[in-house]
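See below for the structure under consideration.
Just so you know, all these numbers are worked out from the coordinates, no wet-lab data involved. The structure presented is a predicted model; accordingly, all values stated were derived computationally and were not measured. Here Cβ is always computed from backbone atoms with ideal geometry, including for glycine, and neighbour counts include all displayed protein chains.
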Amino acid sequence: MEGFELNLSDAMCLGASLALSGICYYMYRKSRTTVEDIDKAPHFTIDRKLKDILTVTQGASLQYAVVEGVVKPEGEPLKSDFHKEISGVLQKFLLREHRLVWNDYSRRWTDDERVLHEKVNMTPFFLVGSDKTAVKVLSPLQASGRYTEVIYEKFHQHNSGLADLVGQYISGQKPKGHLEIEEMLKVGTTLTGVGELILDIDGTLNLRPPSNGSKYFLTLGDFDTLRGEKESEVFCWKTLAVTFALAGAAVLVWVGLRYYRCLQVRWEQEKERREFERLQTEAPRQLVTVGPEAVGDNHTDNICVICLTQPRNCILLDCGHVCCCYTCYQALPQRKCPICRQRINRVVPIYHT
């Protein structure tokens, strides 16, 4: 529509809100599907009956199942680098640098961190039941969930000399120190696994990532804790999706209101134009005589002060100035007289006699 433009900021806000709403809705549906899959997954106790169940199951596998057992290594366990008395089957070491970085936009120092070194060691392990029946856990690093414990954490403060301080202010980076973290899945820990349960040809029970695309979980908590965490994720993504959708709707309402106001202006202008034409047709009966003192005594003085082309053919009321043509009057950005800046309440045509 002529006179109505969609601002770049409105378009960006609308596009961003719709895009974020779509992403959050996708994550919500994905999380909702995960919860539904977990709810449908059967729970099994790790014992001798588990082999019998898989033996009579088609393909000797269950695509999604929940088991719980105690962690035992297949061979020699791993030893902690900082606590020699602690042994486990999966070890993670992380060295992280903490520093301050100068931000030119906010004109202040902001916290920043980066990983300098990361190491993962792993040995094959089982989940063992009450009767010593074992389920081997395959590809544990592909699993989601919290299945390691922090057993060592230490922050090493960085000491800076005068020369270092000068260099830090020049470079815009001030190191604060290094944080060492060691995590481990300890031997004897009770672990809950959710994944595909299979009976291998050698009679070994294995837990692995599901082949149907469902999520693979290993967690130190029980099943109810895992399900509660996933439900919280579902609620979070749903809330974000609704929030961004409402933000997009608010932008659409704002644009719609602006469009409606623009339509109202057009309707008012059209109404004024019809009224002006009606008054022009009634000129033979109702003439408004304007003398030389109003429009000037020659053609040059009667030219519109805005376009300098068309003759002045209207009177602006209530001020009574005759200074422009009707076309330029309708194009005024504000309904104020170009001469005295008084508000224009009405416009009528003039006739020279």
Report summary line: Summed over the other residues with a beta carbon less than 15 angstrom from that of residue 328, with K and R at +1 and D and E at -1, the charge totals +3
Report task. Just need log10 I(q)/I(0) for the range 1-91 at q = 0.15, 0.23 Å⁻¹, Debye formula, equal scatterers on the alpha-carbon atoms, no solvent, rounded to two decimals. Result -> -0.88, -1.11
Report summary line: With no solvent term and unit scatterers on the alpha-carbon positions of the range 122-268, Debye gives log₁₀ I(q)/I(0) at q = 0.17, 0.18 Å⁻¹ of -1.03, -1.09
**Report entry** Highest-fluctuation residue, 322, 120, 70 considered, GNM on the chain with Cα pairs under 10 Å
**Finding:** 322
Query - Cross-link partners of residue 92 among aspartates and glutamates (Cα-Cα below 14 Å; sequence separation of 8 or more within a chain) - result: 81, 118, 149, 153, 180, 182, 183
Report task. Identify, among 58, 173, 246, the residue whose Cα sits farthest towards the positive end of the charge dipole of the chain, taking +1 on the Cβ of Lys and Arg and -1 on the Cβ of Asp and Glu, with the dipole about the Cα centre. Result -> 246
Query raised in the report: From the phi of every residue in the range 111-121, what ³J(HN,Hα) in whole Hz does the Karplus formula 6.51 cos²θ - 1.76 cosθ + 1.60 yield, where θ is phi - 60° and glycine or proline is x?
Result: 6, 8, 9, 8, 8, 8, 7, 9, 9, 10, 10
Query raised in the report: Around residue 219, what is the net charge, scoring Lys/Arg as +1 and Asp/Glu as -1 over all other residues with Cβ under 9 Å from its Cβ?
Result: -1
**Report entry** Additional length obtainable on full extension of the chain from residue 81 to residue 29, 0.36 nm per residue less Cα span
**Finding:** 14.5 nm
Report summary line: Given all pairs of distinct Cα atoms, the range 41-221 yields a Kirkwood Rh in Å of 19.0
Report summary line: A correct Karplus calculation of ³J(HN,Hα) over the range 84-100, with 6.51 cos²θ - 1.76 cosθ + 1.60, θ = phi - 60°, whole Hz and x for Gly and Pro, returns 5, 7, 9, 10, x, 10, 9, 10, 10, 10, 9, 10, 10, 9, 10, 8, 10
Query raised in the report: So, by mean Cβ neighbours within 10 angstrom, what's the order for 99-111, 24-36 with the highest one leading?
Result: 24-36, 99-111
**Report entry** GluC sites (Glu not before Pro) restricted to DSSP loop in the range 53-150 with at most 10 other C-beta within 10 Å
**Finding:** 85
Query raised in the report: Could you work out the helix-only [θ] at 222 nm for the chain, with each DSSP H run of four or more residues adding -39,500 (n - 2.57) and the total divided by the number of residues, to the nearest 500 deg cm²/dmol?
Result: -11500 deg cm²/dmol
Query raised in the report: Too long at a 19 Å Cα-Cα cut-off: which of 51/215; 136/186; 40/215; 40/186; 30/215?
Result: 51/215; 40/186
Query raised in the report: What angle do you read, to the nearest 10 degrees and between 0 and 90, between the alpha-carbon axis of helix 162-171 and the longest principal axis of the chain?
Result: 50
Query - Residue with peak Gaussian network fluctuation, the chain [Cα springs, cutoff 10 Å], from 218, 308, 141 - result: 308
Requested in this report: Rank-order 184-197, 333-346 by packing density, defined as the average count of other C-beta atoms within 10 Å over each peptide's residues, highest first.
Outcome: 184-197, 333-346
Report summary line: Everything considered on the Cα gyration tensor (a ≥ b ≥ c; rounded for a/c under 1.5, else prolate if a/b is larger than b/c, else oblate), the chain must be described as oblate
Query - Calculated over the range 41-133: convex hull of Cα atoms, volume per residue (Å³) - result: 200
**Report entry** Neighbour net charge for residue 96 - beta-carbon separation under 15 angstrom, K R +1, D E -1
**Finding:** -3
